[in-house]
Amino acid sequence: MNYTLHQLEIFKKIAEVKSVTKASEQLFLTQPAVSIQLKNFQDQFNLPLFEVVGRKLYITEFGEEIAETAIKILDQVASINYKSALFEGKLAGKLKISIVSTAKYAMPYFLSDFIKKNEMIDLTMDVTNKMSVIRSLENNECDFAMVSTIPKKLNIERIALMKNKLFFVSNKNYIFDRKKLKTELNKTPFIFREQGSATRLAMERYLTKNKIQIHKKMELTSNEAVKQAVIAGLGISIMPIIGIKNELQKGDLKILDIKDLPIETTWNLIWLKSKNLSSVAKAFKQHIEENKNIIIENNFNWFSN
């Protein structure tokens, strides 16, 4: 047998996501390249690692055993690389962060210089909804989380990062009479994020507070999907302004001048108080404490006005 670490990494990812297409996307490789490496890896075994039924890929029992072994091998290789870097005086290890979907427009800027200065850090960033982020934090599956709503049931520590401003937005052709606001909004389709989203919760609270009735609504599972639906004229929505800067500048979207808006919350970097932070996590925490103001000034000056 003559399989490579690259093939082990590819098969491990395929076994995890159960899809060659998804594996190629997450590994930033082309689908043909992943398929070729998968075939070359399979050719070295007499037993099938996977089977395709219909359009679905299933990992065989033998394949699951190989995937588990691949994980152990790759972890050991990473450990060797980390130890080598540490002996050279470099910061090395893993950093795991879970963030709500709107935070994906901000967190990369807080990470960028830190990752560039520490090339031996492997970053995993999970982008999902608020409920999943809190669950990941609670289960100790991540070092830090970025949220705008602080979980009350968890004993956490936090660093306040920046404001999160949410506005009602529509496409460029939507016209409403501000003097007849409630009547206008009562007959307008609303586009919501899925249950568990902090943006959805903010929207529902606003509608309830202002006694606005919802006669027609649509539910979508990402901010990008909501944004495209609003641009297409399917309805209006409450959205974080940080995710629609380009569309506002191009005129594809517009902010509706409605009272009690924007809704303002604060994005926070949070972690469990009981968490024994690794040297990498401690270094990242220090990086945020020392540099957050200049990061915000350099990248989000337009946003704070």
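The values are calculated or read from the model by the stated rules, or taken from the named source; none is laboratory data. It should be emphasised that the depicted structure is a prediction, and the values quoted were computed from it without experimental measurement. No Cβ is skipped: glycine too gets one built from the backbone with ideal geometry, and neighbour counts run over all protein chains shown. Each accessible area value is taken on the protein alone, full model and side chains, heavy atoms only, with ligands, DNA and RNA left out. Shrake-Rupley method; radii C 1.70, N 1.55, O 1.52, S 1.80 Å.
Once you place label points 7 Å from the Cα toward the Cβ at Thr60 and Lys94, how far apart are they in nm?
Distance between the two pseudo-spin positions: 2.9 nm.
With 29 Å as the limit, write out which pairs from Lys153/Lys217; Lys12/Lys217; Lys13/Lys96; Lys22/Lys163; Lys117/Lys273 have Cα-Cα distances beyond it, or answer none. Mind showing how you got there, number by number?
On the way: Lys153/Lys217 31 Å; Lys12/Lys217 40 Å; Lys13/Lys96 17 Å; Lys22/Lys163 33 Å; Lys117/Lys273 27 Å.
Correct reply: Lys153/Lys217; Lys12/Lys217; Lys22/Lys163.
Quote to one decimal, in nm, the extra length available between Lys187 and Thr266 on full extension: 0.36 nm per residue of separation minus the C-alpha distance between them.
Numbers: separation 79, 0.36 × 79 = 28.44 nm, distance 3.14 nm.
Answer, rounded to one decimal: 25.3 nm.
What does the charge add up to near Glu65, with Lys and Arg as +1, Asp and Glu as -1, over the other residues with Cβ less than 14 Å from its Cβ?
On the way: positive: Lys12, Lys72; negative: Glu61, Glu64, Glu68.
Charge balance near Glu65 sits at -1.
Please identify every one of the trypsin sites (Lys or Arg not before Pro) in region 212-305 that sits in a loop by DSSP and has no more than 14 other beta carbons within 10 Å of its own beta carbon.
Lys216, Lys259, Lys273
At what distance in nm do the modelled label points of Lys18 and Ser84 sit from each other, each positioned 7 Å from its Cα along Cα→Cβ?
Taking the two extended label points, one gets 3.6 nm.
Please list, or write none, the aspartates and glutamates whose alpha carbon is within less than 20 Å of the alpha carbon of Lys254, excluding same-chain residues fewer than 8 places away.
In chain and number order, the partners are Asp177, Glu184, Glu224, Glu264.
Order these peptides, 48-54, 24-30, by their mean beta-carbon neighbour count within 10 angstrom, highest first. Could the numbers behind the result be given before it?
Working: 48-54: 12.0, 24-30: 13.9.
My ranking of the peptides, most packed first, is 24-30, 48-54.
Can you give the accessible area per residue of the chain, in Å², using a 1.4 Å probe?
On the way: 17280 Å² over 305 residues.
The answer is 57 Å² per residue.
If you stretched the chain out fully between Glu194 and Asp122, how much longer would it get, using 0.36 nm times the residue separation minus the C-alpha to C-alpha distance?
Values: separation 72, 0.36 × 72 = 25.92 nm, distance 3.04 nm.
Working it through step by step, the gained length comes to 22.9 nm.
Of the cross-linked pairs Lys39/Lys104; Lys72/Lys152; Lys165/Lys292, which ones have a Cα-Cα span greater than 27 Å in the structure shown?
Numbers: Lys39/Lys104 35 Å; Lys72/Lys152 37 Å; Lys165/Lys292 18 Å.
Correct reply: Lys39/Lys104; Lys72/Lys152.
Between Ile214 and Glu290, what length in nm is gained on full extension when 0.36 nm per residue of separation is reduced by their alpha carbon distance?
Details: separation 76, 0.36 × 76 = 27.36 nm, distance 4.54 nm.
That pair, Ile214 and Glu290, stretches by 22.8 nm at full extension.
Run lengths n ≥ 4 of DSSP H only: what is the helix-derived mean residue ellipticity at 222 nm for the chain, with -39500 (n - 2.57) per run over all residues, to the nearest 500?
Values: 12 runs with 138 residues, N = 305.
Mean residue ellipticity, 222 nm, calculated: -14000 deg cm²/dmol.
Over the chain, with a Gaussian network built from C-alpha contacts below 10 Å, which listed residue (Phe192, Phe167, Phe62) shows the highest mean-square fluctuation?
Ranking Phe192, Phe167, Phe62 by mean-square fluctuation puts Phe62 first.
Could you please state how large a percent of the accessible area of region 162-305 is carbon and sulfur, counting protein chains only and using a 1.4 Å probe?
Here carbon and sulfur together make up 47 percent of the probe-accessible area.
Quote the accessible area belonging to Asp260 in square angstrom, nearest 10, computed with a 1.4 Å probe and with ligands, DNA and RNA left uncounted.
Number for this one is 90 Å².
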